[in-house]
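> Sharing a structure below in structure tokens format, with a few things to ask.
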Amino acid sequence: MKLPRPEPHRMSLPRAAWYTGFHFAYGLVKYLPTLSGDVVRWAVLKLFLDRMDGWVAFRDNVSIWFPEGIRVGSGTLVGENSFLDGFSGLTIGRNVMIAHNASIIAEDHAFASRRVPIRRQGKVLGPIVIEDDVWIGCGARVLKGVTIGRGAIIGAGAVVTRDVAAYAIVSGNPAQVVGARPDDTRGDPTNANAAADDAGEGAT
């Protein structure tokens, strides 16, 4: 079962009621302890996220804004105290690990004018795509408009402002490439990526 989605980016009475329902329902389960709380959070978020495939573990105290813009693949884990923002669209693939205190923010504030307070200048949008098998380290920040390629690693505390290539390792502020994951698939006639997916299915 899925609840009807509000019209995006336009506040109305139905939209306000939908958000009230989400924040009330999710607020009841947000701080429940790990394991049993993960199951209850999954059940609640299944109603409100745009799409959630299979089992996804949301640890305690994960903050979620604009859940109607968030899609998450199976086997993914979102760590404690993380922040997910789906305002302009957030797609998270399968078997992604998001460590504690990470923030993924698919919007920004406009600031083109000095005569108008920043808070009144609206938003700058930029959807975020995180492909399968990505590891985002603790305290990392992923900002609007970024695509993180399959199998990439985002170091702890990194601030990602640009696209990250598949299997790259990045760190720092702003994030820079510091290496790449080793390629152990060369000369292997089997589909190593498919095998990795099968092995990781349902992992938390």
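Here's the yes/no breakdown for (1) in contact (Cβ under 8 Å) with a residue 40 or more places away in the chain; (2) assigned to a strand (DSSP E or B); (3) over 30 Å from residue 181 (Cα atoms); (4) of a type in the set (Phe, Trp, Tyr):
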{"site": "84", "(1), (2), (3), (4)": "no, yes, no, no"}
{"site": "95", "(1), (2), (3), (4)": "yes, no, no, no"}
{"site": "104", "(1), (2), (3), (4)": "no, yes, no, no"}
{"site": "114", "(1), (2), (3), (4)": "no, no, yes, no"}
{"site": "138", "(1), (2), (3), (4)": "yes, no, no, no"}
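> Sticking with this structure for a sec: Return yes when residue 35 is of a type in the set (A, V, I, L, M, F, W, C), at pLDDT below 95 and surrounded by fewer than 19 Cβ atoms within 10 Å (Cβ to Cβ) and no when it is not.
Values: of a type in the set (A, V, I, L, M, F, W, C): yes; at pLDDT below 95: yes; surrounded by fewer than 19 Cβ atoms within 10 Å (Cβ to Cβ): yes.
Yes, satisfied.
Yes/no per residue for (1) touching an Asp or Glu at 6+ places or on another chain (Cβ under 6 Å); (2) at pLDDT 95 or above:
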residue: 86; (1), (2): no, yes
residue: 91; (1), (2): no, yes
residue: 94; (1), (2): yes, yes
residue: 109; (1), (2): no, no
residue: 117; (1), (2): no, yes
residue: 123; (1), (2): yes, no
residue: 130; (1), (2): no, yes
residue: 137; (1), (2): no, yes
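> Looking at (1) surrounded by fewer than 18 Cβ atoms within 10 Å (Cβ to Cβ); (2) among the hydrophobic types (A, V, I, L, M, F, W, C); (3) in contact with a Pro (Cβ under 9 Å, 6 or more places away or on another chain), which is the only condition residue 180 fails?
Result: residue 180 passes all but (3).
> Collect the residues in the range 47-81 that are part of a strand (DSSP E or B) and either among the β-branched types (Val, Ile, Thr) or out of contact with any strand residue (DSSP E or B) (no Cβ under 8 Å at 6 or more places or on another chain) (or both), keeping them in residue-number order. First the steps, then the outcome.
Just the residues of the range 47-81 that are part of a strand (DSSP E or B), to begin with: 51-52, 57-58, 63-65, 70-72, 77-78.
Hits for the range 47-81 are 64, 70, 72, 78.
> Pairs under 6 Å by beta carbon, first residue in contact (Cβ under 8 Å) with a residue 40 or more places away in the chain in the range 46-72, partner surrounded by fewer than 21 Cβ atoms within 10 Å (Cβ to Cβ) and among the basic types (Lys, Arg), six or more apart or different chains?
Pairs that qualify, where the first residue is in contact (Cβ under 8 Å) with a residue 40 or more places away in the chain and the partner is surrounded by fewer than 21 Cβ atoms within 10 Å (Cβ to Cβ) and among the basic types (Lys, Arg), are 50/71; 68/5.
> Right, another one. Counting just the residues of the range 69-112 that are surrounded by fewer than 21 Cβ atoms within 10 Å (Cβ to Cβ) and of a type in the set (D, E, K, R), which one comes out nearest to the chain's Cα centre (by Cα)?
71
> While we're here: Taking residue 124 as the residue in question, decide whether it is farther than 29 Å from residue 37 by Cβ, buried (at least 18 other Cβ atoms within 10 Å of the Cβ) and over 10 Å from the mean Cα position of the chain (by Cα). Spell out how you get there, then give the answer.
Numbers: farther than 29 Å from residue 37 by Cβ: yes; buried (at least 18 other Cβ atoms within 10 Å of the Cβ): no; over 10 Å from the mean Cα position of the chain (by Cα): yes.
Judged against the criteria, residue 124 is not a match.
> Which number in (1) free of Cβ contacts under 8 Å to residues at least 60 places away in the same chain; (2) under 26 Å from residue 15 (Cβ atoms); (3) crowded, with 20+ Cβ neighbours inside 10 Å marks the one condition that residue 130 misses?
(2)
> Working only within the range 152-204, note down all residues that are modelled with pLDDT under 90, of a type in the set (Ser, Thr, Tyr) and under 19 Å from residue 79 (Cβ atoms).
Just the residues of the range 152-204 that are modelled with pLDDT under 90, to begin with: 185-204.
With of a type in the set (Ser, Thr, Tyr) added as a condition, the list becomes 185, 190, 204.
Once the filter is applied, which keeps residues that are modelled with pLDDT under 90, of a type in the set (Ser, Thr, Tyr) and under 19 Å from residue 79 (Cβ atoms), the range 152-204 yields only 204.
> Pick from the range 22-32 the residues that are in contact (Cβ under 8 Å) with a residue 24 or more places away in the chain and surrounded by 12 or more Cβ atoms within 10 Å (Cβ to Cβ): which of them is farthest from residue 49 (Cα to Cα)? Steps first, answer last, please.
If we filter the range 22-32 for residues that are in contact (Cβ under 8 Å) with a residue 24 or more places away in the chain, which is where we start, we get 22, 26, 30-32.
Imposing the further condition that a residue be surrounded by 12 or more Cβ atoms within 10 Å (Cβ to Cβ) reduces the set to 22, 26, 30, 32.
Working: 22: 10, 26: 11, 30: 15, 32: 19 Å.
Applying the filter and picking the extreme gives 32.
The values are calculated or read from the model by the stated rules, or taken from the named source; none is laboratory data. This is a predicted model, so every value here is computed, not measured. With ideal geometry, Cβ positions are generated from the backbone for all residues, glycine too; neighbour counts draw on all protein chains shown.
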